[in-house]
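One structure is given here, and the rest of the page talks about it.
The values are calculated or read from the model by the stated rules, or taken from the named source; none is laboratory data. The structure presented is a predicted model; accordingly, all values stated were derived computationally and were not measured. All Cβ positions, even for glycine, are placed from backbone atoms using ideal geometry, and neighbour counts span all protein chains on display.
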Amino acid sequence: EAQVTQNPRYLITVTGKKLTVTCSQNMNHEYMSWYRQDPGLGLRQIYYSMNVEVTDKGDVPEGYKVSRKEKRNFPLILESPSPNQTSLYFCASRDSGQGATDTQYFGPGTRLTVL
Amino acid sequence: ILNVEQSPQSLHVQEGDSTNFTCSFPSSNFYALHWYRWETAKSPEALFVMTLNGDEKKKGRISATLNTKEGYSYLYIKGSQPEDSATYLCAFHDYKLTFGKGTLLTVNP
């Protein structure tokens, strides 16, 4: 089954404790991205990756890091989480970075709470 | 920062009613307009991708139209059912996808 998976689905952590949210897709997609969803603000892009070893900042990259060592995986790293990073996070993928008409597939979401 | 506006913010209808909502976007540098359906506790799922002015897409009781010259798209739901309750997101694609904040539809039985 074609899918995007994320882990963990729920996480409660404390300020400053490094964490990683994993994302994996099995569709051989070139393009992957991370979004955060906050009430009243809509989905905002954090980082994206056009292909392996190619990553770039989205609209709200501060406090986050990503890596793309393999095509299928795109982990989101919070080196020193802060309470303002409490949010619902979605990983997404689509066939190519140039494909404006490509369908984007979303993972199930990770609800992160930083105390 | 691009402005992709959706209205209304939320909507309550009765089962069987037909309804529609709007997505407004910049009329320049248009590549595509995406509609997604997002049920609570799930992830957004693609409904339509629209590219041409005057485009009309249909999927069962849901349809969408596109006007790129004036920068808007309408999503229509005919004979709403409780299972249509969800947030409907549009996303404008110039060189990247920018999402609207969504319209939350609640269909009461």
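Here are a few things to note about the model shown:
- Test: residue in the range B:48-69 that is free of Cβ contacts under 8 Å to residues at least 40 places away in the same chain, touching a Leu at 6+ places or on another chain (Cβ under 6 Å), assigned to a loop (DSSP other than H, G, I, E, B) and over 19 Å from B:Val107 (Cα atoms): yes
- Subset of the range B:52-79 (residues that are of a type in the set (D, E, K, R) and touching a strand residue (DSSP E or B) at 6+ places or on another chain (Cβ under 7 Å)): B:Asp55, B:Glu56, B:Lys57, B:Lys59, B:Arg61
- Selection of the range B:70-100 for residues being in a loop (DSSP other than H, G, I, E, B), small (Gly, Ala, Ser) and within 14 Å of another protein chain (Cβ to nearest Cβ) yields only B:Gly100.
- Selection count, the range A:7-46, where residues are closer than 26 Å to B:Thr103 by Cα and either surrounded by fewer than 16 Cβ atoms within 10 Å (Cβ to Cβ) or within 12 Å of another protein chain (Cβ to nearest Cβ) (or both): 14
- Restricted to the range B:3-45, and to residues there that are assigned to a strand (DSSP E or B) and closer than 23 Å to A:Gly107 by Cα, the residue that is nearest to the chain's Cα centre (by Cα) is B:Trp35.
- Every pair of residues 6+ apart whose Cβ atoms lie under 6 Å, when the first sits in the range A:67-91 and is within 10 Å of A:Thr20 (Cα to Cα) while the second is of a type in the set (Phe, Trp, Tyr): A:Leu76/A:Trp34
- Entirely in the range A:1-100, the strands (runs of 3 or more DSSP E) that have 3 or more residues that are more than 27 Å from B:Gln9 (Cβ to Cβ): A:4-7, A:10-13, A:19-25, A:42-51, A:54-57, A:76-78
- Selected residue [surrounded by 16 or more Cβ atoms within 10 Å (Cβ to Cβ), over 19 Å from B:Phe92 (Cα atoms) and within 13 Å of chain B (Cβ to nearest Cβ)] from A:Val4, A:Val60: A:Val4
- In the range B:12-35, the residues that are more than 20 Å from B:Lys57 (Cβ to Cβ) and modelled with pLDDT of 95 or more: B:His12, B:Val13, B:Gln14, B:Glu15, B:Gly16, B:Asp17
- For first residues located in the range B:7-34 and under 15 Å from B:Ala86 (Cβ atoms), partners that are of a type in the set (Lys, Arg) and lie 6+ apart or on another chain with Cβ distances below 8 Å form the pairs B:Gln9/B:Lys101.
- Applying the condition of being polar (S, T, N, Q) and crowded, with 20+ Cβ neighbours inside 10 Å to the range A:86-115 and asking which residue is farthest from the other protein chains (Cβ to nearest Cβ) yields A:Ser87.
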